[in-house]
Each structure stands twice: as structure tokens, then as C-alpha cells.
Amino acid sequence: MSHLAERIAKAKAEGRAALIAYLPVGYPDVAGSIAAMIAAVDGGADIVEIGVPYSDPGMDGPVIQQAVDVAVRAGVGMRDVLRAVEAVAAAGAVPVVMSYWNPIERYGVERFATDLAAAGGAGAITPDLIPDEAADWMAAAEQAGLDRVFLVAPSSTAARLGSTTAACRGFVYAASTMGVTGTRATVSDAAQKLVARTRAAAPELAVCVGLGVSNGAQAAEVASFADGVIVGSAYVRELLEGRGADGVRALSEDLAKGVRS
Amino acid sequence: MKTTSPPQPGERLLPARPGWPDATGHFGIFGGRFVPEALIAALDELTEAYEAMRVDPVFLTEFDRLQRDYTGRPSPVTEVERFAAHAGGARILLKREDLNHTGSHKINNVLGQALLTKRSGKTRVIAETGAGQHGVATATAAALMGLSCTVYMGEEDTRRQALNVARMRLLGAEVIPVTTGSRTLKDAINEAFRDWVTNVETTNYVFGTVAGPHPFPAMVRDFQRVIGDEAREQVLAREGRLPDAVLACVGGGSNAIGIFTAFVPDEGVRLIGLEAGGDGVETGRHAATITGGSPGVLHGARSYLLQDDNGQTIESHSISAGLDYPGVGPEHSYLHDIGRAEYRAVTDAEAMEAFALLCRTEGIIPAIESAHALAGAMVVGKELGPEALLLVNLSGRGDKDVETASRWFGLGDREDVDPGPGLDTDQQPTEGAVTQGDAVAGPDSGETA
Ligand SMILES: Cc1ncc(COP(=O)(O)O)c(C=O)c1O
């Protein structure tokens, strides 16, 4: 049974979209990042996307890069990530790891799956791993009962929407704009189109939208057509600008209202 | 033996490729595509366009014409006897990619990719650059073909290679210094990918080496293999035999793959890649990816890379900006693992010794990148002895490196520097006479020249 799908279905039963908060482990430090994740949950996040620090985050914009760079330099690794997973699970949200592929490959794919499941993690989002290259991960995730979330993009062809959603379990991550993570003034209309196309390819799979959502109003807009709203840079900015766990909690509250309106 | 009839258009791209990569870009376990989904459509489109043009006589005729009339191909092969006297007496032939327009082998690949961009109707190219040679080549091709051009370059490299920054700007390109991460080539590649994913509708990413996601490793190889195709014929024509070993420096690996490919089926020919050993592989401050790294995923492909226990890329170190890269193209990882090619590390000091030696013995100032291959030849020549025939890829010229070299040798404005006995090459060297320290002045410890 997919923990992610279950939690998103629960939100749906409440007549709303799920709120998914991204925060990287290790910024400002490991303890501070875990406190921020718990604050995000307190403020209303259903799912926490726990970021594994990586030296070459090709899909991330400047805000996330800056925070992750600090964590990488501090030597934050998978053990710290697993601690964050346990803490988020204890706080009552569903933890899902978000990692570029090399840290997982280096840790050992099977070992990662086993340890993640033992820590209470639901699965992993892998932004630079496409299903075509994911045979090892799919097998290990299956074995450990984990969800795997792949990405679709506005440029994905119908054939790829089909094959990618078929490989997903939990939800599919619709990267709403062609570009990198970061806050944007408006939600692009590409997001809604992509969600519609993705639903057509996989009517049973939850579709969550990420890239560029930063406030309650945008969350409300996305919640009107998607099953989940993913917010990353806006959370990280709360930490970068020194507002700490309180800022994170307040943002979560604003976003949580958004997904309910 | 190959025939000597003039090559037909496209004969350069069409010769049977090695049996790799497979249709999805895998060289054994290496290569593939490890990129965000948003880039897959662009990579598919590029693959399709390239595969179509590879057999299109109009494209191939134009490509051949540019190589001949614009780049100045074929590049000559030069025997360097006075230099070879320091390499155990083995005979050494240099493949002169330094004589290409823009000063290195990088132009071979760029003309192909820029032509592809133009014919696919896109109006803008982006590129990453380390030493600046690929950036200069891309800016050049963009000027020639009326494309707008943005080049990403690590801030650290913009300082090391200021001359090339100026060249790119003169050619009309926008140069963006990259201030993230280690501020070198690896971070410039990250930034270029971020730009590409955002602007893919109008923009082609002209990748500078045989790394990155499929189709770049195969496509760049095909555009660079002209080096070895020419050299193999040239060596056969003048010597009536194949060389015993072919040597090239390896950053991402494009000049090396370029000269290796034609020789891969020639089992008796050793293929030797020289990686940047920096301060020495044992110090951890180096860029010798295959010698000192392990398999993993970086910049869109599985290959050897320098990484720590957490899978973080380790910052590389080399005096040569063009080799200062913690990754390497997947085909090199494959050639290494199947034992077809061997890879060795050359330290900064060894490379600079070879650099000085080629300047003083042959009147050729090599790129510091290429000097790593020359240093390798000095060692391999001694191993193989005077009967051996070595072919070395002189991938670029050293104009861009004059300041770095002046600082290394402590030349600058000072006139009192004795370059040392090893450079007085009228004396016949004895075995081992040329060693770091007596051959050349060491790195200038204090002042900046
Ligand atoms: C002259 C020269 N040789 C070699 C290289 C290394 O690249 P590659 O290994 O792809 O040939 C560079 C890169 O900038 C270069 O400028």
C-alpha cells in the first residue's frame, strides 16, 4: 500500500489538495533543518519532501542551491537524511526523500531502499532519474514496498507521459514550467495543461504540481486542478532570510489555507 | 591499408562506428541519460536531427567544406626530433590540432553542432567552457553562422583564462561567470543545463566534450574522429606502419576519443590517455578521474568521477583549466574497463616540464592541456625505447596559457631567472637528465607575475 497515495486520498476526501513541503537536510544545520520540517508539518503540510544535499543540483535554482551548498560543505549525508525521515514520520506527516541519483547510487540502491523503509520513509522522488535508467531502483523499491515518484514536464510526449506514469507509485511529479526550481510571480498555464494530459495518461495516479508555487493564493490556484501542491524554494527562503522555524510554520499555514480554499 | 582516394563528403562521419554506444547511449554500464525529464524531448530531438544529418549529403558537404576552408583541415603531422631526444629516443609525431583556426581541436565539434543548430531552425547556442577554448570555438561558429551565443565559465577560470574571455566578447558572445560551487567547469556545465532546460525552444546546447547525456558522447566523438582518421592515414603514408602508441590528454576526453577512434580496431596500437594529476594523485588534489575516481553519475551520464562517500562530486585540481574537471566521458570509462585504453596521471610539474621543453626544442608553445600528453610521451618513450613510434595529439596551442606559464616559471618581468640546465638542449640529454627542479624553475612561490 502506498503511503503517499493514501495521504493524498485522505486530503481529497476532505475536499482539498495535499500540501507537500520541500526542505533540504542540513540547512542551516541538521538539527535546524529537522526543526523546520516539523514546523512545516505543524503548520499543515501533509507530506514532507526531504531533500538529500547534492553538490551538482542541476534542476535547482539559486535559492535551493545556496542552502544545499551549505549542507554539502558540512558533510551532511544519508544517515542525517534518515534521521530527518524518522522525525517527520514521528511528527505525523508522510516523509518522502527527494534525491539526485548519485547520492543514492553511492549509498547503495538496495541498502538505501531497506534503510529508508526501516526509517518510515514512503519512498523517493528522483529528479534526474528517468524510468528508462531506473531498473535497479524499481526492483529495490518494489522489494522494500516503497513508492517511486518520477517527473513529467510540459515537453513530455504522450508516449513518455504513459511510460513515466506507469513506472510511478504514490504520485507523479508534474514539473509545471520548463526551468529550474524557484519562486515565480505567476503559475504558468502550462501547469494546468500538463496536469490534464497526465491525468489522461494515468487516470488512477495522483498528480502533484511543483516548481514556482510560493504563496497561499498560488497554492489555491494549483489546488483547483491538481491533487497536491509542492512548495520548495519559498520554504527555503524563509530559512535563508533568517525567519527560521517560525517563518516556515507561518508559510505552511498560509499554504494550507490555500489548498483548502 | 586504407585507400588514398579523396574522401567523399561524409566519409568522415560514416566510417563504421565502434560497436558502441547502444541505441540508448550506453557504453557497457556507462553513459545513458541521467537528466530531468524536461530535457528528454530536447535530447530526443537532437538525436533524431543528428542521426538524419549524419547521412545527409548536403549537411556533410557543407561540414567538409567548413573543415577544409575555415578550420584549415587536414592538420599536419610534425615529427619532433629534438623533443624526442628527451623521450628515450623514441620517435614522436605530433598531430597538430593547435594549428586549427581558434587554436584547438574544439572547433571540429563546434562546427558540426552549430551547423546542426542552424539547420534545425534554432537561433541561439549556449556552451560551457573551462580553458575557454570551447567557448571561443562556439563564439566563433556562432559569429560565422549568425547565431546568438552565451558562454558559461567558472569565475575562477575567467581569471585563469582572461585572454579567452576577451576573445569571446570580441566575437560577440555573452560570457557569464559562474559563481556557484567550485566556480570551475563543472559548475559552468550545471549552469548551462539550467539555461537549456529553461530556453530549450530557441536554444541548442553545444556541449564541448564527449561527456554528458546521450547523444553528446557519440555525436561529439563523430565530429572529433576526423583527428584520428586523418592521422592514421598520414602516419601510414609517411611511415608505412601504424604507431606503437597513441597518446592524448583527457579532460572530458574529446581530443582523446577524436584521435583514438580510428585506432580502436588496430589491436597492436596502445591507446594512452593522460589525465591531470595536479599535485599528485596521492595528495587528493588532482583531476585524474579514471586513475583516482570511481563509477557514478554526473552531468547526465554514468562514468568514472571524483566523489566522496556521500556521492558528492569532489572539486578537482589542475594547473590546466581545460583538464580541471572531476568527470570524464563514458566511452573512456568503457575503454578503460574493457582494457582497450590505459589511463595515467601526469602532475602539474611534469606537464610544465614538457611544456617548457617543447617550447625550447621545437618552437611550439603547446596548450598546458596538451603538455600533459607530451609529458606522457616522455615517459612512454623511455619505456618503449628508440624503436618506438609515438603519435601524440597536440590538442591546442598555448597562447592562452602564457600568463600561467610565466608565473609558473617565474619569468614575468624578471630578467635574472635562469631557466635551468635542462632547457639548454644543445647538450644531448642523458637518461633522466631532465627532471623537475633542474629542468625548469619551479612554481613561483611568492610574487604573481
Ligand atoms: C587544448 C585543449 N586540449 C584538451 C582539452 C580537454 O578537453 P577534452 O578532454 O575534451 O579534449 C581542452 C579543454 O578545454 C583544451 O582546450
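The values are calculated or read from the model by the stated rules, or taken from the named source; none is laboratory data. This structure is a prediction, so every number in the text was calculated from the model and none was measured. Note: ideal-geometry Cβ built from the backbone for every residue, glycine included; neighbour counts use all protein chains shown. Accessible surface areas use protein heavy atoms only, side chains included; no ligands, DNA or RNA. Shrake-Rupley method; radii C 1.70, N 1.55, O 1.52, S 1.80 Å.
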Roughly to the nearest percent, how much of the accessible area of region A:194-261 is carbon and sulfur, given a 1.4 Å probe?
-> 49 percent
Please work out how much length the chain gains when fully extended from A:LYS10 to A:ALA139, using 0.36 nm per residue of separation minus the C-alpha to C-alpha distance, in nm with one decimal.
-> 43.7 nm
Rounded if a/c is under 1.5, else prolate if a/b beats b/c, else oblate: with a ≥ b ≥ c from the C-alpha gyration tensor eigenvalues square-rooted, which is region A:1-157?
-> rounded
Just the number, please: carbon plus sulfur as a percent of the accessible area of chain B, 1.4 Å probe, no ligands or DNA/RNA counted.
-> 51 percent
Grab the Cα-Cα distance for B:ARG241 and B:ASP337, subtract it from 0.36 nm times how many residues apart they are, and report the gain in nm with one decimal.
-> 31.8 nm
Sort A:163-170, B:230-237, B:104-111, B:266-273 for me by packing, meaning the mean count of neighbouring Cβ atoms within 10 Å per residue, highest on top.
-> B:104-111, A:163-170, B:230-237, B:266-273
For chain A, the longest site-free run once GluC sites (Glu not before Pro) in DSSP loop states with at most 13 other Cβ atoms within 10 Å are removed | A:15-203
In nm, to one decimal, how far is the B:LEU170 label point from the B:SER120 one, both placed 7 Å along Cα→Cβ?
-> 3.1 nm
Given a Förster distance of 35 angstrom, what is the FRET efficiency for B:GLU79 paired with B:VAL402, based on the Cβ-Cβ distance and rounded to 0.05?
-> 0.85
Per residue accessible area in Å² of region A:89-130, where ligands, DNA and RNA are left out and the probe is 1.4 Å | 26 Å²
In Å, the Kirkwood estimate of hydrodynamic radius for the protein assembly as shown over Cα pairs equals 26.4 Å
What accessible area per residue comes out for chain B, rounded to a whole number of Å², with a 1.4 Å probe?
-> 34 Å²
Between A:ARG73 and B:GLU267, what is the FRET efficiency for a Förster distance of 51 Å, r being their Cβ-Cβ separation, to the nearest 0.05?
-> 0.65
Modelled label reach - A:SER224, point 7 Å along Cα→Cβ, region A:162-188 residues with backbone N closer than 19 Å = A:176-177, A:184-188
Area hidden from solvent between A and B (accessible, protein heavy atoms only, 1.4 Å, total, Å²) = 2700 Å²
For A:LYS12, the lysines lying under 27 Å Cα to Cα, once residues fewer than eight places off in the same chain are dropped, come out as A:LYS193, A:LYS257
Remind me, relative contact order of chain A in percent, using alpha carbon pairs under 8 angstrom and six or more residues apart?
-> 24 percent
Value of relative contact order over region A:1-141, rounded to a whole percent, pairs C-alpha under 8 Å and six or more apart | 23 percent
Keeping every protein chain in place, order B:HIS86, B:HIS101 by accessible area at 1.4 Å, biggest value first, i.e. largest first.
-> B:HIS101, B:HIS86
Take every residue in peptide A:55-66, count the Cβ atoms of other chains within 10 Å of its Cβ, and give the average of those counts.
-> 6
If a/c stays under 1.5 just call it rounded; otherwise compare a/b with b/c (prolate if a/b is bigger, oblate if not). Do that for region A:66-186, with a ≥ b ≥ c from the square roots of the Cα gyration tensor eigenvalues.
-> oblate
Which of A:ALA39, A:LEU23, A:ALA5, positive extreme of dipole for region A:1-73 (C-beta unit charges) | A:ALA5
